[in-house]
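Notes follow once the structure below has been shown.
The values are calculated or read from the model by the stated rules, or taken from the named source; none is laboratory data. The shown structure was predicted, so the numbers you read here are calculated from the model rather than taken from an experiment. Positions of Cβ are backbone-derived with ideal geometry, glycine not excepted, and every protein chain shown enters the neighbour counts.
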Amino acid sequence: MSNFKKKLMVIAGIPLTICLILVVGLFLLGSDISKQAEKIKQLRETLSAHLQATDSLALLRQDFQQVQPYLPAIQNALPTQDQLVVFSRDLSAIARQNQIDLNSSLGQETSRTSNGLGQLSFTMIGQGSFDNLINFLKAVKSSHYFIKFTGVDFTRQNNVFKASLNGEIFLL
């Protein structure tokens, strides 16, 4: 009987061992295929991002070709650092026209980069009637300077308004 069991174990064991080896092999192969599929998915996403960037670059180049004739006019419209010497004087003149008591100071300058404009921060504190302050802001905004206000704060004491203004002026 012992001999029969050995033969039965060998006859049944060989196919079971082969099946076990095949199952382990298929599991490892499936795992590797999953990893490779994930890599392919990531590569496709990267390729898609690169294609979008290339398309955007092509559109930017087309836009640049359209804008290029206007660049000298734009560059002449923005003041240089040397031309900002009169900025405070111009602000004072606008303030006088609008009956505003004004104190202004220039702050930190950010130099022009190859892909952007230079900026100079400023602070103004003005006092006057509300309508005069609003008219002053409109006049400053419509002046030949390109200004971005980063902070505007109004306070009222009786009928006198006080405005604290922070901003940046763009320059070449």
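Listing for the model above:
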{"quantity": "Sole residue being farther than 30 Å from R156 by Cβ and out of contact with any Cys (no Cβ under 7 Å at 6 or more places or on another chain), chosen from L137, L51, L102, L133", "calculated": "L51"}
{"quantity": "Selection from region 80-135 of residues that are acidic (D, E) and either under 23 Å from the mean Cα position of the chain (by Cα) or outside the structural domain of N166 (by TED's automatic domain parsing) (or both)", "calculated": "E109"}
{"quantity": "Residue count, region 59-94 (criterion: exposed (fewer than 10 other Cβ atoms within 10 Å of the Cβ) and among the small types (G, A, S))", "calculated": "1"}
{"quantity": "Residues of region 1-33 satisfying the condition of being among the small types (G, A, S) and under 60 Å from the mean Cα position of the chain (by Cα)", "calculated": "G25, G30, S31"}
{"quantity": "Residue check for D55: touching a His at 6+ places or on another chain (Cβ under 9 Å) and either assigned by TED's automatic domain parsing to the domain that holds S142 or more than 30 Å from L171 (Cα to Cα) (or both)", "calculated": "no"}
{"quantity": "Residue count for region 94-147, restricted to those that are closer than 30 Å to L71 by Cβ and assigned to a loop (DSSP other than H, G, I, E, B)", "calculated": "12"}
{"quantity": "I74 being over 30 Å from L172 (Cβ atoms), without any contact (Cβ under 8 Å) to a residue 12 or more places away in the chain and either in the same structural domain as E109 (by TED's automatic domain parsing) or among the β-branched types (V, I, T) (or both)", "calculated": "no"}
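This table checks each residue for (1) surrounded by 13 or more Cβ atoms within 10 Å (Cβ to Cβ); (2) modelled with pLDDT of 90 or more.
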| residue | (1), (2) |
| --- | --- |
| Q97 | no, yes |
| R112 | yes, no |
| G118 | yes, no |
| Q127 | yes, yes |
| F130 | yes, no |
